[in-house]
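Asks: One structure, pasted below without further comment.
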Ligand code: SF4
């Protein structure tokens, strides 16, 4: 990992007027929504709802300093995490299902972009976080960019992290070039049968791979500052699923072959059968030691050079509870925002 200090690109884009142009271009697409690969075509500006059950205003479920992300993201002061509500996926094992799948309860979290900008400034100024980390942003890209536009004149200067399932539209991602500093991108499946069965995304593999390729084109390998905190770059997250459902060999092989062995990879062992997974035999248990060690050995075999591995058996401390109101994680990984 290279060490360097870099001013986030959105500040120059703000000065040139390009940030405003991007916000307007993205918002115009809400009229017949194609913000993510689902291309629902609904008019979100009129309150119509598509697959993500989200209209015009951003919905924020929680804002906090998160200490459980990768070391280069959480650092010592935490990652300034903005959890968007609702989702453009339907993962049956989603650990955030309280906010991602129960959309009727989320309406109360609607905020205007100016209020969201205020929360970002709070994470930066009051909590001293290292970055602003947008979780599940794929269906709220226009709203996110508008909020950044509002936040820059108020003094926002932290790097922005786009923390995504990677079920993203290439057209939306291209508008984020120079705005997002760090992409924290899941690589969930290598087989569309599982994307369909477990996330209602039957075309996940092609979209996620194209999205990750675009992210890498924009930001390249991970760059950290003198404190080891991410300033720029791509981190690919791979959650090991039971029964090899994540297709680790295929996915990580693709990454090395099509991108580079220098891409930073974060191997996650925290899978826990949340939400509907206890009723689904293939997903109803945590991963075994054997399943974990197979993936760790794969890293060596494929020559993956950079990244992190959660210890075997990591799970409960990473499980959020969004009924805690602003404290979705326990004290090990979260601090109130
Ligand atoms: S962002 Fe929502 S409404 Fe728009 S295409 Fe995706 S799922 Fe459909």
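Nothing in this text is a laboratory measurement; each read-out follows from the coordinates by a stated rule. All figures in this text were calculated on a predicted structure; none of them were measured in a lab. Neighbour counts are summed over all protein chains in view; Cβ atoms, including those assigned to glycine, are modelled from backbone coordinates with ideal geometry.
Asks: Report the rotationally averaged projected area of the chain based on its alpha-carbon convex hull, in square nanometres.
Replies: For the chain, averaging the hull's shadow over all directions gives 15.0 nm².
Asks: What FRET efficiency do you get for residue 258 and residue 282 if R0 is 30 Å and r is their Cβ-Cβ distance, rounded to the nearest 0.05?
Replies: Result of the calculation: an efficiency of 0.60.
Asks: Just rank 130, 97, fewest to most, by other beta-carbon atoms within 10 angstrom.
Replies: 97, 130
Asks: If you take the square roots of the eigenvalues of the alpha-carbon gyration tensor of the range 1-135 and sort them as a ≥ b ≥ c, do you get rounded (a/c under 1.5), prolate (a/b over b/c) or oblate?
Replies: It is oblate, given that a/c is not under 1.5 and a/b is not larger than b/c.
Asks: Continuing with the same structure: What's the extension gain from residue 250 to residue 11 if we count 0.36 nm per residue and subtract their Cα-Cα distance?
Replies: 82.2 nm
Asks: Taking every DSSP beta bridge that has both residues in the chain, what percent is antiparallel when rounded to the nearest 5?
Replies: Antiparallel: roughly 30 percent of the beta bridges in the chain.
Asks: Now for a different question. For a quick size check, give me the Cα extents of the range 99-162 along its three principal axes, largest first, whole Å.
Replies: Cα spread of the range 99-162 along its principal axes, largest to smallest: 34, 20, 19 Å.
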